[in-house]
Amino acid sequence: MKTVRDVVVLKEVANDLNDGKAFYDRREPGVGDYFWDSLLSDIESLVLYAGIHPKEYGFFRMLAKRFPYAIYYLI
C-alpha cells in the first residue's frame with residue numbers, strides 16, 4: 001500500500017475552486033463556502049485514500065461527495 005504524506009494542489013486547481021465558489025455564491029449566498037469546505041475535505045481525504053479510485057485517461061478519478069465535480073490526481 002502506498003502512503004501519501006502531502007497533497008499538492010496546482011494553481012489551476014485553486015483557480016477552479018475559486019470559480020466554483022463564486023458560481024455557488026451567486027446562486028445562493030453561503031453555498032460557495034460550503035462548496036469550498038466540501039471540496040477541500042475531499043481533496044484532503046486523498047492522504048488516506050489515494051490510489052483506490054478508478055483510473056481515467058491515466059489519472060485517478062475521485063468524484064466529489066456533495067457537488068458534481070471530479071478530482072483527478074496522480075500518485
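Under a plain spin-label model, where a point goes 7 Å from the Cα along Cα-to-Cβ, how far apart in nm are L48 and V31?
Between L48 and V31, the label points sit 2.8 nm apart.
Given the peptides 52-58, 64-70, arrange them by the average over their residues of other C-beta atoms within 10 Å, most packed first.
64-70, 52-58
So how do 11-17, 21-27, 35-41 stack up, highest first, on mean other-Cβ count within 10 Å?
Highest mean packing first, the order is 35-41, 21-27, 11-17.
So how compact is the chain: Cα radius of gyration and Dmax in angstrom?
According to the Cα coordinates of the chain, Rg and Dmax are 13.0, 42 Å.
Each value in this text was obtained by applying a stated rule to the coordinates, not by laboratory testing. Because the structure is a prediction, the values reported are computed rather than measured. Using ideal geometry, Cβ is built from the backbone for each residue, glycine included, and neighbour counts are taken over all protein chains shown.
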